[in-house]
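Shown next, in structure tokens, is the structure this report addresses.
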Amino acid sequence: MATTETGTSGKQPELKRVMGPGLLLLFIIGDILGTGIYALTGQVAAEVGGVVWLPFLIAFCVALLTAFSYLELVTKYPQAAGAALYTHKAFGIHFLTFIVAFAVMSSGITSAATASRAFAANFSGGLGIDMGEAGVIGVAVLFIALVAAINFRGVGESVKLNVVLTVIELSGLLLIIAIGIWAIGNGQGDVSRIWTFVPPEGSSGVFWPVIAATTLAFFAMVGFEDSVNMAEECKKPSDIFPKVLLGGLLITGAIYMLVSISAITLVSAEDLGEGETPLLKVVQAGAPGFPISIFGLITMLAVANSALINMMMASRLLYGMGREGVIPAILGKVHSSRQTPYIAIIFTTVLAIALITLAGGVPELGGTTALLLLCVFAVVNIAVLVLRKDTVEHKHFRTPTIVPILGAITCAFLAGPWTGREPVQYFIAACLIGLGVVLWLATLGIMRRTEKAAD
């Protein structure tokens with residue numbers, strides 16, 4: 001398939017290397033920040049109570065293990081295509097490579113659907129209008145349709161746009177931190193909550209509720225893996241990636257910890273867990289004079305960025321698979337005037353709308369995104385160990401062997417049903433991957449009929 005072989009077969013024109021460490025850092029931070037922390041903080045609090053920061057800390061540690069594996073692979077093979085490329089190089093099984101690529105594509109759609117639900121909920125909360133479930137779904141569907149229209153017009157990734165949206169995303173989270181610091185300094189809120197563990201009704205013990213919350217919090221840490229697709233557009237990627245990727249993760253991890261502490265100090269876990277706009281409640285509690293509509297706008301722009309990036313990634317990945325003949329070729333068609341993969345855009349948009357209307361809210365969709373990527377990360381960690389036998393001429397980052405082993409174990413563990421993950425997440429993931437398998441089999445059937453006709 002295109003995403004696995006273009007870097008190794010034939011002489012291809014090189015992409016322009018325009019990203020230095022500063023722009024790469026902003027790209028990584030901007031890709032990680034967004035829907036997860038803005039929309040899921042309350043759901044995490046509902047699982048563990050006041051120690052809402054703990055699942056984010058654990059999720060950060062798990063993501064860090066996998067980040068080390070990605071660092072070895074991206075500095076060893078500084079090419080675009082990410083997980084699909086590494087899977088193909090390590091195992092050479094086309095069907096496995098396809099499943100990994102389709103899982104990454106599906107995670108983009110579920111992530112965009114999550115962002116759309118969060119956008120609609122914050123639109124309602126920011127305007128102070130109770131639109132009800134039907135209204136939220138309607139706004140979310142209109143929003144994803146707008147994203148599709150922008151995608152169709154051919155708006156590509158823009159470094160300048162990424163910088164602007166990253167600053168907007170950061171401003172909202174820094175505002176939450178500032179409100180928390182100001183409130184604590186003035187004796188407002190309840191700091192003692194940050195040490196209070198309150199499990200959901202019917203749960204006992206600490207371990208499993210924290211693990212269940214971590215499976216949700218992990219959605220907030222994903223995004224760093226997208227940066228490896230920028231390797232061919234970075235200056236000296238083998239040199240800059242280690243420090244920049246780890247620095248980006250540390251910065252976002254620290255921001256998430258401070259945001260979660262500020263949130264639980266000002267709003268009880270019970271109140272945070274209600275609805276899909278937890279940080280709006282924090283602003284209302286800590287800075288009632290601050291225009292809530294402005295923070296609602298910040299949140300909407302933050303999640304809109306996530307939706308657009310993910311839908312563009314998903315449609316282009318589907319387009320690539322269609323062009324390489326691993327799924328029906330019609331999905332690889334390009335519009336004659338807009339020069340965009342319009343069939344793939346329509347297909348991914350229809351899937352996103354179906355998820356928005358049928359699959360549930362932010363926890364279900366965000367949890368499915370995390371589930372799909374945890375499975376992909378487990379494969380990537382194993383690929384690091386398999387590819388140790390493959391040597392390259394240039395110097396590259398080498399992670400300690402124990403790290404990918406721990407990464408594979410922790411990712412596989414967090415993907416399992418024993419974590420308390422909602423069954424609907426497995427159902428959604430299975431439906432999406434099942435659709436991919438159907439497309440794969442349909443393509444094989446078409447190819448065999450074509451070969452017989454030729455004979």
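The values are calculated or read from the model by the stated rules, or taken from the named source; none is laboratory data. Just so we're clear, the structure is a prediction, and the values are computed from it rather than from any experiment. Cβ atoms come from the backbone with ideal geometry, glycine included; neighbour counts cover every protein chain shown. When the accessible area is computed, the model is the full protein with side chains, heavy atoms only, and any ligands, DNA or RNA have been set aside. Shrake-Rupley method; radii C 1.70, N 1.55, O 1.52, S 1.80 Å.
Within the range 183-193, the set of residues being open to solvent by 20 Å² or more (accessible area, probe 1.4 Å) and in a helix (DSSP H, G or I) comprises ILE184, GLY185, VAL191, SER192, ARG193. All conditions in (1) within 23 Å of CYS61 (Cα to Cα); (2) open to solvent by less than 20 Å² (accessible area, probe 1.4 Å) hold for GLY296, with the sole exception of (1).
Does ILE264 qualify as being within 14 Å of TRP53 (Cβ to Cβ), in a helix (DSSP H, G or I) and among the β-branched types (Val, Ile, Thr)? In short, yes.
What about ALA269, is it touching a strand residue (DSSP E or B) at 6+ places or on another chain (Cβ under 7 Å) and under 30 Å from GLY128 (Cβ atoms)? Judged against the criteria, ALA269 is a match. The set of residues in the range 276-323 that are in contact (Cβ under 8 Å) with a residue 40 or more places away in the chain and under 13 Å from ALA344 (Cβ atoms) comprises MET311, MET312, MET313, ALA314, SER315, LEU317, LEU318, GLY320, MET321, ARG323. In the set (1) in contact with a Cys (Cβ under 7 Å, 6 or more places away or on another chain); (2) modelled with pLDDT of 80 or more; (3) assigned to a loop (DSSP other than H, G, I, E, B), THR66 fails one condition alone, (3). Could you tell me which numbered condition GLY205 fails, if it satisfies all but one of (1) in contact (Cβ under 8 Å) with a residue 60 or more places away in the chain; (2) open to solvent by 40 Å² or more (accessible area, probe 1.4 Å); (3) of a type outside the set (Asp, Glu)? Exception for GLY205: condition (1). Report whether or not LEU317 is of a type in the set (A, V, I, L, M), under 20 Å from the mean Cα position of the chain (by Cα) and open to solvent by 30 Å² or more (accessible area, probe 1.4 Å). In short, no. Which one is nearest to the chain's Cα centre (by Cα), of the residues in the range 384-429 that are closer than 19 Å to PRO237 by Cα and of a type in the set (S, T, N, Q)? Ranking the candidates gives THR399 first.
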